[in-house]
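Notes follow once the structure below has been shown.
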Amino acid sequence: MITIKKTPESVLVFLAGFACGVILAGAIVYGLIGPRRPASRAAPPSDRELIAPYYQPADLYKQVKSASVSAKMRIPVIMYHYVEYVKDRNDLIRKNLDVTPDRFEKELNALKAARFQTYFVKDIPDILNGSIQYEASRSAVLTFDDGYDDFYTVVFPLLKKYQVKATVYLIADFIGRPGFMNASQISQLVDSDLVEVGSHTLNHLYLKAVPPPIAEKEIVQSKKTLEQRFHITVKTFAYPYGAFNDAVEAMVKDASYSAAVSVMPGVLQAQSDRFHLYRIRPGRFSDKTIVSALEGMK
Ligand SMILES: [Zn+2]
């Protein structure tokens with residue numbers, strides 16, 4: 001059996017050891033439950049702590065996101081109607097919207113010579129989000145409203161000759177009527193891969209003025225009709241007369257289109273303007289070549 005001799009030295013060592021233990025335990029308990037000091041004073045602040053009081057990471061993300069949604073890109077969308085020699089000299093509306101075939105061919109020639117790339121309207125959302133490579137100074141989007149037969153007889157052969165893409169907006173219930181393309185002509189456009197078919201409603205109504213259920217039918221049913229008839233997905237829409245308001249724009253969005261074109265003039269497009277993209281009229285090129293006119297537009 002081991003006995004500890006109770007000499008005065010061993011009592012002192014024992015007491016000193018006990019006191020140290022009590023102080024250490026007290027310090028631990030104080031550290032756990034004692035008053036807290038701000039962490040930033042205890043250690044140099046990390047990046048997160050420097051940002052935290054003012055901007056939560058979620059706020060930063062929101063700011064970046066909203067900046068990119070409204071960021072503008074230069075994407076000129078040209079709006080053609082007729083490409084023909086107008087026979088009736090008194091048809092001023094038609095003359096006003098007209099581009100002669102030889103001027104149109106000169107424009108395509110100039111675009112090709114300047115190495116312009118052409119895109120469909122359905123490409124614009126992907127150009128804006130960066131998933132399609134795009135050179136802003138050498139690009140254009142050609143659009144043709146209404147689906148007149150001159151698109152098939154005059155424009156389409158030139159698109160093939162110059163390998164230029166175009167988007168044509170069809171009025172679904174006008175297909176095959178006198179002056180408009182028929183179904184077999186439209187099928188050839190679809191097969192060429194040079195033409196995007198978009199919707200321009202069923203009956204070319206002024207959507208702002210008609211009752212909402214009628215407007216909705218024009219927007220929704222025209223897409224379905226074109227898709228079923230030509231075995232395609234119709235992704236973009238053109239407002240007849242360029243007429244739209246918030247309610248009409250929401251209907252287009254709800255009908256699962258990915259973009260829509262207006263007749264508001266401009267070349268700077270943004271994700272936030274996807275359902276009322278800006279377009280320019282070819283009439284603005286009359287005194288210049290199309291290339292120098294596009295280069296000069298802001
Ligand atoms: Zn139209």
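Filtered by the rule that a residue be in a loop (DSSP other than H, G, I, E, B), among the small types (Gly, Ala, Ser) and either touching a strand residue (DSSP E or B) at 6+ places or on another chain (Cβ under 7 Å) or buried (at least 16 other Cβ atoms within 10 Å of the Cβ) (or both), the stretch 250-267 gives 255, 258, 266.
From the list 155, 197, the one residue that fits, being buried (at least 17 other Cβ atoms within 10 Å of the Cβ) and either touching a residue at least 60 places away in the same chain (Cβ under 8 Å) or part of a loop (DSSP other than H, G, I, E, B) (or both), is 155.
From the list 228, 221, exactly one residue is in a helix (DSSP H, G or I), among the polar types (S, T, N, Q) and free of Cβ contacts under 8 Å to residues at least 12 places away in the same chain. Which is it?
Going through 228, 221 in turn, just one is in a helix (DSSP H, G or I), among the polar types (S, T, N, Q) and free of Cβ contacts under 8 Å to residues at least 12 places away in the same chain: 228.
Criterion applied to 201, 167, 118 was being within 15 Å of the ligand (Cβ to nearest atom), under 20 Å from residue 291 (Cα atoms) and either at pLDDT 95 or above or of a type outside the set (Asp, Glu) (or both), and the one residue passing it is 167. If you check residue 294 against the conditions, is it touching a Pro at 6+ places or on another chain (Cβ under 7 Å), at pLDDT below 95 and of a type outside the set (D, E, K, R)? In short, yes. Would you tally the residues in the stretch 139-148 being within 15 Å of the ligand (Cβ to nearest atom) and either touching a Gly at 6+ places or on another chain (Cβ under 7 Å) or assigned to a strand (DSSP E or B) (or both)? Count: 5.
Of the residues making up the stretch 178-194, none is touching a Ser or Thr at 6+ places or on another chain (Cβ under 7 Å), small (Gly, Ala, Ser) and assigned to a helix (DSSP H, G or I). Of all the residues in the stretch 158-177, those that are outside any helix (DSSP H, G or I), of a type in the set (Gly, Ala, Ser) and in contact (Cβ under 8 Å) with a residue 12 or more places away in the chain number 1.
A count restricted to the stretch 171-183 and to residues that are crowded, with 21+ Cβ neighbours inside 10 Å and in contact with a Gly (Cβ under 7 Å, 6 or more places away or on another chain) stands at 2.
Residues in the stretch 130-151 that are surrounded by fewer than 20 Cβ atoms within 10 Å (Cβ to Cβ) and either without any contact (Cβ under 8 Å) to a residue 40 or more places away in the chain or polar (S, T, N, Q) (or both): 130, 131, 132, 133, 135, 137, 138, 139, 149. Exactly one residue among 154, 195 is among the hydrophobic types (A, V, I, L, M, F, W, C) and modelled with pLDDT of 95 or more, and that residue is 195.
With the condition kept exactly as written, say whether any residue in the stretch 99-111 is away from the ligand (no atom under 16 Å from the Cβ), farther than 30 Å from residue 251 by Cβ and modelled with pLDDT of 95 or more. Looking through the stretch 99-111, none of the residues is away from the ligand (no atom under 16 Å from the Cβ), farther than 30 Å from residue 251 by Cβ and modelled with pLDDT of 95 or more. Considered as a group, the residues in the stretch 268-291 that are at pLDDT 95 or above and part of a loop (DSSP other than H, G, I, E, B) include one that is farthest from residue 200 (Cα to Cα), and that residue is 270. Any residue at all in the stretch 253-273 that is within 27 Å of residue 176 (Cα to Cα), among the basic types (Lys, Arg), under 20 Å from the mean Cα position of the chain (by Cα) and away from the ligand (no atom under 16 Å from the Cβ)? For the stretch 253-273, residues within 27 Å of residue 176 (Cα to Cα), among the basic types (Lys, Arg), under 20 Å from the mean Cα position of the chain (by Cα) and away from the ligand (no atom under 16 Å from the Cβ): absent.
This table checks each residue for (1) within 16 Å of the ligand (Cβ to nearest atom); (2) surrounded by 16 or more Cβ atoms within 10 Å (Cβ to Cβ).
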position: 185; (1), (2): no, yes
position: 189; (1), (2): no, yes
position: 206; (1), (2): yes, no
position: 213; (1), (2): no, no
position: 221; (1), (2): no, yes
position: 236; (1), (2): yes, yes
position: 240; (1), (2): yes, yes
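Cβ-Cβ contacts under 6 Å between residues 6 or more apart (or on different chains), taken from a first residue in the stretch 237-249 that is in contact (Cβ under 8 Å) with a residue 60 or more places away in the chain and part of a helix (DSSP H, G or I) to a second residue that is basic (Lys, Arg) and within 13 Å of the ligand (Cβ to nearest atom), are absent.
The values are calculated or read from the model by the stated rules, or taken from the named source; none is laboratory data. Keep in mind that what you see is a predicted model, and the values were worked out from it rather than measured. Positions of Cβ are backbone-derived with ideal geometry, glycine not excepted, and every protein chain shown enters the neighbour counts.
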